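Let me begin by presenting the structure, written as structure tokens, before commenting on it.
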Amino acid sequence: MGTLVAKLLLPTLSSLALLPTISVAAKRRFHMEAMVYLFTMFFLALHHACAGPGLSVLCFLRHDILDYFSTYGTALSMWVSLMALADFDEPQRSTLVMLGVLTIAVRTYHDRQGYGVYSGPIGTAVLIITAKWLWKMKEKRSLYPDRSVYAQHVGPGLCFGALALMLRFSFQEWDYTYVHSFYHCALAMAFVLLLPKVNKKAGNAGAPAKLDFSTLCCACV
């Protein structure tokens with residue numbers, strides 16, 4: 001019985017794999033991204049907890065609301081991670097982020113089960129990043145960004161992202177509990193890898209303000 005309960009609770013516990021992602025994002029001064037990751041983790045964990053045994057007391061929101069926002073938060077996390085990788089200046093960065101916030105909300109409401117809710121934001125972001133980087137290469141007549149970005153962020157991040165989507169849509173019929181839990185872990189790793197090592201747009205007027213986990217929780221609530 002204990003093994004069965006642990007197996008049923010595994011998707012809820014694996015949602016907490018986003019905790020290190022939140023911490024890394026905050027330390028790298030990607031505070032907005034950390035907020036989005038926290039939002040996603042909250043709804044993912046609550047959604048799976050409400051579907052598990054003995055935790056229905058935690059369900060203060062309807063199941064369809066939890067389902068919507070867990071999917072929306074995941075898609076939005078993908079978008080903001082890729083926009084952080086693109087390294088746009090203002091006001092382009094905030095404009096593109098808000099574009100994703102609005103369009104992903106509509107797309108998720110229209111169909112939250114299909115792969116299009118994730119492939120749409122990912123494909124659009126990849127096209128935007130490719131266009132920007134090709135333009136920069138044309139201006140500088142050299143590789144942009146540095147090779148280290150491709151080796152340490154782009155390549156590994158996209159590999160883990162592709163693995164997460166494969167687990168989400170192609171292999172869950174094998175064993176939902178374990179496959180979906182590995183999906184959470186691969187997704188969290190993809191977000192960490194896609195984030196640059198420091199947010200250059202966060203400003204350099206003195207030491208950056210610290211954003212701890214309790215502050216993030218209060219702000220989310």
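The values are calculated or read from the model by the stated rules, or taken from the named source; none is laboratory data. Remember, it's a predicted structure, so these values are computed and weren't measured experimentally. Glycine gets a Cβ as well: all are built from the backbone with ideal geometry, and neighbour counts include every protein chain shown. Just the protein is used for accessible areas: all its heavy atoms, side chains included, with ligands, DNA and RNA removed. Shrake-Rupley method; radii C 1.70, N 1.55, O 1.52, S 1.80 Å.
Observations, loosely collected:
- Net charge of Cβ neighbours under 14 Å - reference Tyr109; Lys, Arg +1; Asp, Glu -1: -1
- For the range 60-211, Kirkwood radius (reciprocal of mean inverse C-alpha pair distance, Å): 16.9
- Alpha-carbon centroid distance for the pair the range 158-174 / the range 180-202, whole angstrom: 16
- In the context of the full set of protein chains, the range 76-190 has a per residue accessible area of 56 Å² (1.4 Å probe).
- Sorted largest first, the principal axis extents computed over the alpha-carbon atoms of the range 35-116 equal 48, 24, 19 Å.
- All-pairs alpha carbon distance profile, the range 94-167, 10 Å steps from 0, percent: 16, 38, 33, 12, 1
- Heavy-atom accessible surface of the range 18-107: percent carbon and sulfur, 1.4 Å: 70
- Over 21 Å (Cα to Cα) - which of Lys27/Lys197; Lys140/Lys197; Lys27/Lys136 fall in this group: Lys140/Lys197; Lys27/Lys136
- Mean Cβ count within 10 Å, highest first, over the residues of peptides 182-195, 157-170: 182-195, 157-170
- Ranking Tyr37, Tyr109 from most to least accessible surface, computed with a 1.4 Å probe over the protein chains only, gives Tyr109, Tyr37.
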